[in-house]
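One structure is given below, encoded as structure tokens.
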Amino acid sequence: MDPGRCLKKPAGPPDRAHAACDEAPRRSRCAREFVRGLLVVAVLGVTACNEEVEPEPEIIPLPCDTRIDVPDGLCAILFHSGVGAARQLVVADNGDVFVAIRNSGNQTGGVVALRDTDDNHKADKRESWGDEGGSGIALAEGFLYLATDNSVLRYPLPEGSLTPSGSPTTIVENLPSDRNHRSKSIALHPDGGIFVGIGSPSNACQVRPRTPGQPGFDPCPELETRAGIWRFDGDEEEQTLSDGDLFSTGIRNANALAVHPETDELYAVVHGRDQLHALWPSIYTAEEGSEKPSEEFIHVQEDSDFGWPYCYHDPEDDRKLLAPEYDGDGEIVGRCANMDMPAIGLPAHWAPNAMAFSTDDFPADYREGAFVAFHGSWNRSPLQEGYNVVWIPFEGDEPTGDWEVFADGFAGGRISSPSQADHRPTGVAVGPDGSLYVSESLRGKIWKIVEKEE
């Protein structure tokens, strides 16, 4: 079509050419308006760029270890792949992690210090130090305390340092460590005192240890130096057992020991006795031997007596019963009526090895209470359970009586003996950011449990 024909509209009914002429000016206007719109958008875009609008930050998924089961909204991250024969651990205010390493075979333990320098929840800096291995560990301002099998050492540790600034001083020495339950746990009190848990050297103070039908010594001489919690002066050096005060007795083995951060009260979780069925098969069935006695969660007060070896806690009846070595028959209470009771009776032979109180930085459901790491025990075979971390909620200065498994899956599935477990939790500690650290003893792996980012 000749474009000139659009300049003048002929008279009469429009034909297709005339219609095209009518549309041409409108299309032209539309084209001009479209181009004008593109220019406006371009100008606005340049203006926006000049204002330097920041892009939204990229959210990188956390590397959660899916083998470890934790509550919804949380994530267990492998903080370190293995530090050796790990036991308990503690976390400094800046997030540095210090792990007690016990002597193992020809390997001398000590302390391993870990740091995450790039905030990815994984340790990338490590220091190892110390001339003697241990199990218990604690931090105070300017010092790190390490409990070996027979002493409590204090290292000068400047704030922000991964290594001590000098040799340790010996706060307590020559602690009894023969036979069983040699490991020592410690807890620091704000007034400067140090609590030390000293386990019994035997199962039930029998005349012939772990022998079927054998009676127990009465009174049990082990209670003079073992099976209790002693308190020492945190500022005095070279103290011995006689310099300390027996704070609480009748506690077979309190590996899990902690002071409440608000009330300053002492709590412990106790390894109960073994072999009720194996030593007294006429009284206890094999199942009862696996399910009794309780691992006791106790509020430890001065001069308290929890009854070992004369008594044990029966989880079925929530009673202290007389032990068979002292003429008990699985029903008699006897002298145990006067013994202190646990706040909670936890499942038998789970082997509590560490405890840590939470803080207000934790998720709302886990702010008031304690975490307990369970190591698992040979005496529960073949009905193996444990190998987990348990949450015990508090109201004020006492547990509510409820508890739940907080982290599980460490054992790697159903097992019939501890030797089959992939990992055995042995330490638990809280971080300043509301995270929870868990150590295990077989390979020395460390996990950090954190909230997932939304």
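The values are calculated or read from the model by the stated rules, or taken from the named source; none is laboratory data. The structure presented is a predicted model; accordingly, all values stated were derived computationally and were not measured. We place every Cβ from the backbone using ideal geometry, glycine too, and count neighbours over all the protein chains shown. Surface accessibility is based on the protein's heavy atoms, side chains included, excluding ligands, DNA and RNA. Shrake-Rupley method; radii C 1.70, N 1.55, O 1.52, S 1.80 Å.
Some points to look at:
- Only residues that are part of a loop (DSSP other than H, G, I, E, B) and open to solvent by 10 Å² or more (accessible area, probe 1.4 Å) were counted across segment 292-305, and they come to 4.
- Across segment 366-394, the number of residues qualifying as outside any loop (DSSP other than H, G, I, E, B) and modelled with pLDDT under 95 comes to 3.
- Strands (runs of 3 or more DSSP E) within segment 71-132 that include 2 or more residues crowded, with 16+ Cβ neighbours inside 10 Å and touching a Cys at 6+ places or on another chain (Cβ under 9 Å): 74-80
- Comparison of Ala370, Ala348 shows that the only residue that is open to solvent by less than 20 Å² (accessible area, probe 1.4 Å), in contact with a Phe, Trp or Tyr (Cβ under 7 Å, 6 or more places away or on another chain) and either at negative phi or in contact (Cβ under 8 Å) with a residue 24 or more places away in the chain (or both) is Ala370.
- Just so you know, in segment 188-222 the residues that are of a type in the set (A, V, I, L, M) and open to solvent by 10 Å² or more (accessible area, probe 1.4 Å) include one that is farthest from the chain's Cα centre (by Cα), and it is Val207.
- Given (1) closer than 25 Å to Ser358 by Cα; (2) in contact with a Pro (Cβ under 6 Å, 6 or more places away or on another chain), index of the condition Tyr155 fails: (1)
- Output for segment 175-185, where each listed residue is under 14 Å from Gly228 (Cβ atoms) and either open to solvent by 10 Å² or more (accessible area, probe 1.4 Å) or of a type outside the set (D, E, K, R) (or both): Leu175, Pro176, His181, Ser185
- Selected residue (only one of Asn94, Asn174, Asn106 is polar (S, T, N, Q), in contact (Cβ under 8 Å) with a residue 40 or more places away in the chain and over 30 Å from Ser242 (Cα atoms)): Asn94
- Only one of the numbered conditions (1) surrounded by 22 or more Cβ atoms within 10 Å (Cβ to Cβ); (2) polar (S, T, N, Q); (3) out of contact with any strand residue (DSSP E or B) (no Cβ under 7 Å at 6 or more places or on another chain) is violated by Ser419, and that is (1).
- Selected residue [within 24 Å of the chain's Cα centre (by Cα), part of a loop (DSSP other than H, G, I, E, B) and in contact (Cβ under 8 Å) with a residue 40 or more places away in the chain] from Asp264, Asp274: Asp264
- In segment 401-413, the residues that are in a loop (DSSP other than H, G, I, E, B) and either open to solvent by 60 Å² or more (accessible area, probe 1.4 Å) or in contact (Cβ under 8 Å) with a residue 60 or more places away in the chain (or both): Asp402, Trp403, Gly409, Phe410, Gly412
- Conditions (1) within 16 Å of the chain's Cα centre (by Cα); (2) open to solvent by 20 Å² or more (accessible area, probe 1.4 Å): number failed by Ala364: (1)
- Residue list for segment 259-291, restricted to those being surrounded by 24 or more Cβ atoms within 10 Å (Cβ to Cβ) and of a type outside the set (Val, Ile, Thr): Leu266, Tyr267, Ala268, His271, Gly272, Arg273, Leu276
- Some residue of segment 327-343 being under 26 Å from Gln88 (Cβ atoms) and either of a type outside the set (Gly, Ala, Ser) or under 18 Å from the mean Cα position of the chain (by Cα) (or both): yes
- For segment 75-122, the set of residues classified as closer than 19 Å to Ala256 by Cβ and not charged (D, E, K, R) consists of Ala85, Ala86, Gln88, Leu89, Val90, Val91, Val97, Phe98, Val99, Ala100, Ile101, listed by residue number.
- Under the condition of being under 13 Å from the mean Cα position of the chain (by Cα) and not in a strand (DSSP E or B), the residues counted in segment 344-358 number 1.
- Residue in segment 441-451 that is outside any loop (DSSP other than H, G, I, E, B), more than 16 Å from the chain's Cα centre (by Cα) and surrounded by fewer than 21 Cβ atoms within 10 Å (Cβ to Cβ) present: no
- Candidate set from segment 313-341 (those that are without any contact (Cβ under 8 Å) to a residue 60 or more places away in the chain and in a helix (DSSP H, G or I)); member that is most open to solvent (accessible area, probe 1.4 Å): Asn338
- Identity of the residue in segment 156-171, among the hydroxyl-bearing types (Ser, Thr, Tyr) and without any contact (Cβ under 8 Å) to a residue 24 or more places away in the chain, that ends up least open to solvent (accessible area, probe 1.4 Å): Ser161
- Criterion (open to solvent by less than 10 Å² (accessible area, probe 1.4 Å) and outside any loop (DSSP other than H, G, I, E, B)) met by exactly one of Leu144, Leu153: Leu144
- Options Ser161, Ser202; residue that is assigned to a loop (DSSP other than H, G, I, E, B) and touching a helix residue (DSSP H, G or I) at 6+ places or on another chain (Cβ under 7 Å): Ser202
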